[in-house]
Structure formats: structure tokens, C-alpha cells
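Here's the structure, in C-alpha cells; my notes come after.
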Amino acid sequence: MSRHMAHLLMLIAALIWGTTFIAQTTGMETIGPFGFTGARYLIGALAVLPFAVYECRKCSLVKEMQKDNLLLLQALGLGVMMFGGISLQQTALQYTLVANAAFLTTLYVPAVPLLIWLINRSVITRQIWLALGLCIGGSWLLSGSTSLLSQWGDFLVTIGALFWAGHIVLIGLVTKKIKAPFQLAFLQSILCVVFATPPTLLIETPLWTDFLPVLPELVYAGLFSVGIAYTLQLVAQGYASTTIAAFILSLESVFAAISGWLFLSQTLTISAITGCVMIFVAILIADVLPPQWLKFWQKRSVT
């Protein structure tokens with residue numbers, strides 16, 4: 001697969017994820033966040049299962065894990081990171097706007113190079129530090145609400161962004177070692193179902209009939225977001241750098257903000273819009289602009 005095709009597939013995934021924020025918000029009218037999460041990932045796992053079975057004939061993920069214990073831990077880590085990110089995000093959508101949740105989720109972009117530094121001890125450039133500063137300031141403006149619940153929701157999404165960063169970094173490591181994206185997509189989806197089941201049954205205690213009114217949202221979030229988009233990410237990220245992947249996938253925030261405005265009539269204050277712009281600029285600085293631009297700007301500032 002070419003690099004440009006990989007970028008296109010990740011762009012499609014970002015589009016799907018951005019519009020899925022609407023389904024995540026309206027899908028909690030009769031069920032809780034954990035019930036919605038478990039149901040959508042079950043649908044996604046069933047959608048990808050036939051492809052995983054067919055793929056297993058050529059390359060078995062189980063056999064690869066038997067040969068490499070570290071791969072087994074990394075695959076389990078993908079499920080943990082995904083469940084942490086999605087459960088915090090899903091819960092936060094009860095207290096915050098779609099645009100807030102989407103833009104704060106993109107804090108995983110500057111978090112990715114930090115995690116890579118912890119693993120490889122590579123040097124963090126001034127460019128990344130500047131991006132981190134802008135992200136922190138932008139997130140503060142974005143969550144500057146007088147409502148405690150709204151601030152709590154923004155806090156949950158921000159913590160969830162760290163899980164998404166870990167998920168992206170792990171995918172970058174795993175996809176370089178295996179060629180079984182469908183089996184890996186099925187595994188991480190099933191793990192999310194397993195993790196979501198206890199809090200659903202013990203805390204939310206929904207009835208089967210409670211899932212029926214939000215079935216369209218569950219099908220969209222499960223089939224498209226989990227079954228298709230996450231599989232596209234697993235397929236494409238093996239052909240792109242981790243930081244570039246983080247930038248492209250972060251465009252889900254743009255699609256989510258537009259979707260919230262079109263379908264839910266949600267608006268942003270001037271302060272919140274400023275925060276969104278700061279976060280987006282931080283993404284551009286961290287992953288798009290070449291490092292030389294910072295030295296050029298410093299020279300101009302001195303003169």
C-alpha cells in the first residue's frame with residue numbers, strides 16, 4: 001500500500017469517527033455510557049468477524065502471539081487503551097458538547113511524541129514543547145464553563161486522550177510486527193465488550209428493551225466506527241509514521257464540530273472557539289511544520 005493511500009484511509013476513518021460523536025450523544029437516551037459502549041463494540045466485532053476468520057487461514061494472530069509473548073501483552077494493551085479512551089469519552093458526552101469532546105480528544109496528538117520519548121528516550125524538540133503549551137492553554141479556554149458538570153466532562157475527555165495516545169503508539173508498534181489487522185480489530189473490540197459488561201450489569205442495569213430505541217445509533221457507531229474505521233486505522237497505520245497518523249486521525253475533531261453544529265445545533269463561545277483554534281494550531285506545529293521554521297522565527301524575533 002502506498003503512503004498516500006494509507007493517509008486517505010485514515011482520513012476516511014477520521015470522518016467516520018467525527019460523525020459518530022452525534023450517535024454517541026443521542027444514543028444515551030435510554031441506556032448508559034457503558035451499555036452503549038459494550039453494545040456498539042459487540043456489533044463492530046461481529047461485523048469484522050468474517051474477515052478475521054478468512055484472514056486467519058493465511059496468517060494466524062494466535063500463532064504469532066504464541067511465538068511472541070510481548071505481542072500478546074501489546075494486543076491486550078490495545079484493548080485496555082481503547083476501552084479507557086472510549087469509556088471516558090462516552091461518559092463525558094453526558095456533560096459536555098460534541099465539539100468540546102472532539103477537540104479535547106485531539107490532545108493525544110502532542111501526547112504521542114511524549115509517549116514515544118518515554119519508550120525510546122528520543123529528544124523532544126522545542127517545537128513539541130510549544131505545541132504542548134498551546135494545547136494546555138487551548139484546553140483551558142475550551143473548558144472554561146461556569147457549569148461544574150461541563151468542566152467535569154472536559155476533564156474526563158482530556159484524561160481519555162492519554163489512553164488514545166497510548167492506543168496509537170501501541171498500534172504503531174504492533175502493526176510493524178504482524179499482518180493480521182482484521183484479527184487484531186476483532187480482538188480489541190471483544191476486549192472492550194468484556195470490560196464494559198460488568199459496569200453495565202452492576203451499575204446501569206439496563207433492560208433489553210432499553211437498547212431498541214437507540215438501535216440506529218448503535219448500528220452506526222458499531223458497524224461504521226468500530227467495524228470499519230478502527231479496521232482502516234489498523235490497516236493503514238502500518239504504512240505511515242505514528243506522528244503523521246495522529247495528525248490525520250485528529251481531523252475527527254473538525255468533522256465532529258461541524259456535525260454538532262449541523263445536527264444538534266450546538267454552538268461554541270468565542271473563548272471556546274479560541275481554544276479550539278489554539279489546539280488545532282498546536283497540532284499543525286507538532287506534526288506538519290518542519291522543525292526549521294522555529295529557528296527561522298527565532299532569528300526574525302532577535303533582529
Pairwise centroid distance, computed over Cα atoms, of the range 43-61 with the range 202-219, Å: 26
Mean ellipticity per residue at 222 nm, deg cm²/dmol - from DSSP H runs of n ≥ 4 across the chain, formula -39500 (n - 2.57): -24000 deg cm²/dmol
The chain - percent relative contact order, Cα under 8 Å, separation 6 or more: 43
Report the residue, chosen from Leu104, Leu11, Leu173, that carries the largest GNM mean-square fluctuation when the chain is represented by alpha-carbon nodes joined by springs under 10 Å. Leu173
Computed for the chain: size of charge dipole around the Cα centre, +1 on C-beta of each Lys and Arg, -1 on C-beta of each Asp and Glu, debye to nearest 20, value 1240
Multiply the residue gap between Lys63 and Lys176 by 0.36 nm, knock off their C-alpha separation, and tell me the result in nm, one decimal place. 39.0 nm
Thr274-Ile12 FRET efficiency (beta carbon distance; Förster radius 22 Å; 0.05 resolution): 0.15
Give the calculated FRET efficiency between Ile203 and Leu46 to the nearest 0.05, with a Förster radius of 30 Å applied to their Cβ-Cβ distance. 0.75
Using a Förster distance of 30 Å, how high is the FRET efficiency between Thr125 and Ile159, based on the Cβ-Cβ distance and rounded to 0.05? 0.75
What is the extension gain from Glu29 to Arg3, computed as 0.36 nm multiplied by their sequence separation minus the C-alpha to C-alpha distance, in nm to one decimal? 5.3 nm
GNM top mover of Cys276, Cys192, Cys56 - the chain, alpha-carbon springs below 10 Å: Cys56
Given 0.36 nm per residue, what is the gain on full extension from Leu76 to Gln151 after removing their alpha carbon distance, in nm? 23.9 nm
Karplus ³J(HN,Hα) for the range 83-99 (6.51 cos²θ - 1.76 cosθ + 1.60, θ = phi - 60°; Hz, whole; x = Gly/Pro) runs 5, x, x, 6, 5, 5, 5, 5, 5, 5, 5, 6, 10, 9, 6, 4, 5
Among Ile279, Ile178, Ile248, which one shows the biggest mean-square fluctuation in a GNM of the chain, springs joining Cα atoms closer than 10 Å? Ile178
Based on the Cα coordinates of the chain, what is the per residue volume of their convex hull in Å³? 138
Lysine pair number, Cα distance threshold 20 Å (strictly under), the chain, separation 8 or more or different chains: 10
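Every read-out reported here was derived from the displayed coordinates using simple, explicitly stated rules and does not represent laboratory data. Please read these numbers as outputs of a predicted model, since none were measured by experiment. Neighbour counts are summed over all protein chains in view; Cβ atoms, including those assigned to glycine, are modelled from backbone coordinates with ideal geometry.
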